[in-house]
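Shown next, in structure tokens, is the structure this report addresses.
The values are calculated or read from the model by the stated rules, or taken from the named source; none is laboratory data. All figures in this text were calculated on a predicted structure; none of them were measured in a lab. Note: ideal-geometry Cβ built from the backbone for every residue, glycine included; neighbour counts use all protein chains shown.
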Amino acid sequence: MVNVSEVARQGVPSVSGSSHRATFRRASRLLRHTDFERVYKQGKRHFASHLTVFYLRRIEGDGPRFGFTIGKIVGTAVERNRVKRRLREVVRLHCGEIAAPVDIVIHPKKSAIRAQFSELEDEISRAFEVAERSIRESTR
């Protein structure tokens, strides 16, 4: 049997509603406007039915950094926040799939509001595969 407090200390969210939450470290997030602009202008895009993923290889640093942008066109503040929470969880679950030093910006479409969690997982996972392959090919 798994001790819930031990799981929470390891950074894995527990199902029991523990007060410990798994979050992205500051080093794993895109925070500055200039970083987002650089990814938009110099990076590549991957289009999916519920989101667009922008990605750009970083020269320094290790591991991926993630950012989320969502426009008011997507819906009300409640809907936008729900989409962001769901996307953050999908990225948290799948961030181990990409190890390259890359900045990734995820921009959901209006259809993401009604999308099933599994659909978002599939699209994010596929986008990470495409980004990883593209980064690997560009370093050759």
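A few notes on this one:
- Only residues that are closer than 12 Å to residue 103 by Cβ and in contact (Cβ under 8 Å) with a residue 60 or more places away in the chain were counted in the stretch 36-69, giving 9.
- Evaluating residue 71 against the criteria (1) surrounded by 20 or more Cβ atoms within 10 Å (Cβ to Cβ); (2) of a type outside the set (Phe, Trp, Tyr); (3) within 23 Å of residue 33 (Cα to Cα) leaves one unmet condition, (1).
- In the stretch 48-67, the residues that are part of a loop (DSSP other than H, G, I, E, B) and small (Gly, Ala, Ser): 48, 49, 61, 63
- Filter result (outside any helix (DSSP H, G or I) and either surrounded by fewer than 17 Cβ atoms within 10 Å (Cβ to Cβ) or under 10 Å from the mean Cα position of the chain (by Cα) (or both)) within the stretch 83-100: 99
- Restricting 80, 45 to residues that are under 16 Å from the mean Cα position of the chain (by Cα), at pLDDT 95 or above and either over 25 Å from residue 114 (Cα atoms) or assigned to a helix (DSSP H, G or I) (or both) narrows the list to 80.
- Restricting attention to the stretch 68-77, the residues being out of contact with any helix residue (DSSP H, G or I) (no Cβ under 6 Å at 6 or more places or on another chain) and either closer than 10 Å to residue 106 by Cβ or assigned to a strand (DSSP E or B) (or both) number 1.
- There is no residue in the stretch 127-139 that is more than 14 Å from residue 44 (Cβ to Cβ) and assigned to a helix (DSSP H, G or I).
- Residue match in the stretch 85-104 (condition: free of Cβ contacts under 8 Å to residues at least 24 places away in the same chain, over 14 Å from residue 49 (Cβ atoms) and of a type in the set (Lys, Arg)): yes
- Residues in the stretch 107-140 that are of a type outside the set (D, E, K, R) and over 20 Å from residue 93 (Cα atoms) were compared, and the one that is surrounded by the most Cβ atoms within 10 Å (Cβ to Cβ) is 135.
- Hits in the stretch 102-126 - residues which are charged (D, E, K, R) and either assigned to a helix (DSSP H, G or I) or under 13 Å from the mean Cα position of the chain (by Cα) (or both): 103, 110, 119, 121, 122, 123, 126
- Selection within the stretch 15-42 - part of a helix (DSSP H, G or I) and either of a type in the set (S, T, N, Q) or modelled with pLDDT under 70 (or both): 28, 34, 42
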